[in-house]
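Notes for the one structure printed next.
The values are calculated or read from the model by the stated rules, or taken from the named source; none is laboratory data. Worth saying up front: this structure is predicted, and the values here are computed from it rather than measured. Virtual Cβ from ideal backbone geometry, glycine too; neighbours counted across all protein chains shown.
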Amino acid sequence: MYKISTDHLTELFSSISHDRALYMPIEKNGQVQFDRWMEDKKVRLDALNTVKSPKDLFFPQSENIVAFKIKGKNISIIENRDESEPFVVFGVRACDAASFDILDMVFLQDPVDTYYKARRDNGIVVTLACSEPEETCFCSVFGIDATNPSGDIATWIVDDMLYWESLTEKGERFTETIKDLFESADFLDEEALKSHKEDVEKIIEKLPLHDLSLDGFNSEAMDEKFNSPKWEELSEACIGCGTCTFICPTCQCYDIRDYDTGQGIQRFRCWDSCMYSDFTRMAHGNPRTSQVERFRQRFMHKLIYFPTNNDGVYSCVGCGRCVAKCPVSMNIVKVIKAMGVDENV
């Protein structure tokens, strides 16, 4: 394990960005988002959650797929995908790091999504452990340890020191290129970090959603949950805005569209939302014609369908963004509580 004084972080960031792009939480217009680091930008490593997750560094909100030139009866195919270059994403919280594993299950299974894979191969994830979790956090419900995040490299900020530990071979190789900036951590540093983690764990245990139970959300309960009359009541407040899907780090739905540029056709893909009335519309229409059906689909997928097909892994990481941002305060926590194991008691 290495360490570096927080007074020297600008030097660290400058070194990292020397031969690759560096993305980290940056404040702009009062909002914190992952953006490309430059020395004059306002870094906010103290911000717990960015507005959107960093997933769009691997799965962009929109991206080119291919272009076509049409001349008479001849069609030319032009490869113009957005190229992926080496980059580092720094300051990823444990919940968002766990979301990458969920996205991997979707995009790296056969047939492999080569657009996503190229970014995963080129990207290095440097996580930052949480020091002050908020009341909307519930990552521990899904077995995520906010004090020991995954990623290629994990970091912790304790007082005026940043601790740095490589977790993967990719992380080790990258650390070798900048290790001259660090000092080696000693026994006293390890003890200080251990004490810090214990303090944060005590905070997590006191969070209001820490004891949220997932009992009853399993494949055996699929029919029971699907046919529950509670979906009607729960979905009444939903306005179908899609905010929850666009800020969610694990949502992976997208649409593919063709756009006439006037000089040819550009095919691109962009994020989509299962909460929209035209989602997955086909020639015969939309398979889910009501808001209650669309609302049910979103939460059945996260809590029943996905874990059934992925060895029990839920498609939620408890980041709390939807809890904080839903304009009508209807989120996955309320669904879990309403549809839990005791719903028929």
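Exactly one residue among Asp56, Asp46 is farther than 19 Å from Leu9 by Cβ and either surrounded by fewer than 12 Cβ atoms within 10 Å (Cβ to Cβ) or in the same structural domain as Ser131 (by TED's automatic domain parsing) (or both), and that residue is Asp56. The strands (runs of 3 or more DSSP E) located wholly in segment 1-93 that include 1 or more residues which are on the phi > 0 side of the Ramachandran plot and in contact with a helix residue (DSSP H, G or I) (Cβ under 9 Å, 6 or more places away or on another chain) occupy 87-92. Anything in segment 175-192 that is touching a Lys or Arg at 6+ places or on another chain (Cβ under 9 Å) and either part of a helix (DSSP H, G or I) or buried (at least 16 other Cβ atoms within 10 Å of the Cβ) (or both)? List them, or say none. Those that are touching a Lys or Arg at 6+ places or on another chain (Cβ under 9 Å) and either part of a helix (DSSP H, G or I) or buried (at least 16 other Cβ atoms within 10 Å of the Cβ) (or both): Phe182, Ala185, Asp189.
With respect to (1) free of Cβ contacts under 8 Å to residues at least 12 places away in the same chain; (2) more than 20 Å from Leu9 (Cβ to Cβ), the lone exception for Thr177 is condition (2).
Can you pull out the residues in segment 293-328 that are among the polar types (S, T, N, Q) and touching a residue at least 12 places away in the same chain (Cβ under 8 Å)?
Gln297, Thr308, Asn310, Ser315, listed by residue number.
Restrict the check to segment 51-65 and report whether at least one residue is aromatic (Phe, Trp, Tyr), in contact with a Phe, Trp or Tyr (Cβ under 7 Å, 6 or more places away or on another chain) and within 27 Å of Glu190 (Cα to Cα). Looking through segment 51-65, none of the residues is aromatic (Phe, Trp, Tyr), in contact with a Phe, Trp or Tyr (Cβ under 7 Å, 6 or more places away or on another chain) and within 27 Å of Glu190 (Cα to Cα). The residues of segment 296-345 that are of a type in the set (A, V, I, L, M, F, W, C) and loosely packed, with under 15 Cβ neighbours inside 10 Å, listed by number, are Val328, Ala338, Val341, Val345. Quick one: would you say Val106 is β-branched (Val, Ile, Thr), on the phi < 0 side of the Ramachandran plot, surrounded by 18 or more Cβ atoms within 10 Å (Cβ to Cβ) and touching a residue at least 60 places away in the same chain (Cβ under 8 Å)? Judged against the criteria, Val106 is not a match.
Contact map, segment 67-87: first residue in the same structural domain as Tyr116 (by TED's automatic domain parsing) and within 17 Å of Ile256 (Cβ to Cβ), second residue of a type in the set (Lys, Arg) and part of a strand (DSSP E or B), Cβ cut-off under 8 Å, separation 6 or more or different chains; pairs are Ala67/Arg267; Phe68/Arg267; Ile78/Lys69. The residues listed here are Ile65, Ile77, Ile70; of these, the one that is of a type in the set (Val, Ile, Thr) and either closer than 23 Å to Ile247 by Cα or crowded, with 16+ Cβ neighbours inside 10 Å (or both) is Ile65. Any residue at all in segment 54-72 that is closer than 30 Å to Asp7 by Cβ and either in contact with a strand residue (DSSP E or B) (Cβ under 9 Å, 6 or more places away or on another chain) or modelled with pLDDT of 95 or more (or both)? Scanning segment 54-72 turns up at least one residue that is closer than 30 Å to Asp7 by Cβ and either in contact with a strand residue (DSSP E or B) (Cβ under 9 Å, 6 or more places away or on another chain) or modelled with pLDDT of 95 or more (or both). Determine whether segment 239-255 contains at least one residue that is part of a strand (DSSP E or B) and touching a Phe, Trp or Tyr at 6+ places or on another chain (Cβ under 9 Å). Scanning segment 239-255 turns up at least one residue that is part of a strand (DSSP E or B) and touching a Phe, Trp or Tyr at 6+ places or on another chain (Cβ under 9 Å). Kindly indicate whether any position in segment 139-152 is more than 21 Å from the chain's Cα centre (by Cα), over 22 Å from Glu11 (Cβ atoms) and in contact (Cβ under 8 Å) with a residue 40 or more places away in the chain. Scanning segment 139-152, I find no residue that is more than 21 Å from the chain's Cα centre (by Cα), over 22 Å from Glu11 (Cβ atoms) and in contact (Cβ under 8 Å) with a residue 40 or more places away in the chain, so the answer is no. Whether any residue in segment 90-101 is touching a Ser or Thr at 6+ places or on another chain (Cβ under 6 Å), under 27 Å from Tyr163 (Cβ atoms) and β-branched (Val, Ile, Thr) is what I want to check. Yes, segment 90-101 contains a residue that is touching a Ser or Thr at 6+ places or on another chain (Cβ under 6 Å), under 27 Å from Tyr163 (Cβ atoms) and β-branched (Val, Ile, Thr).
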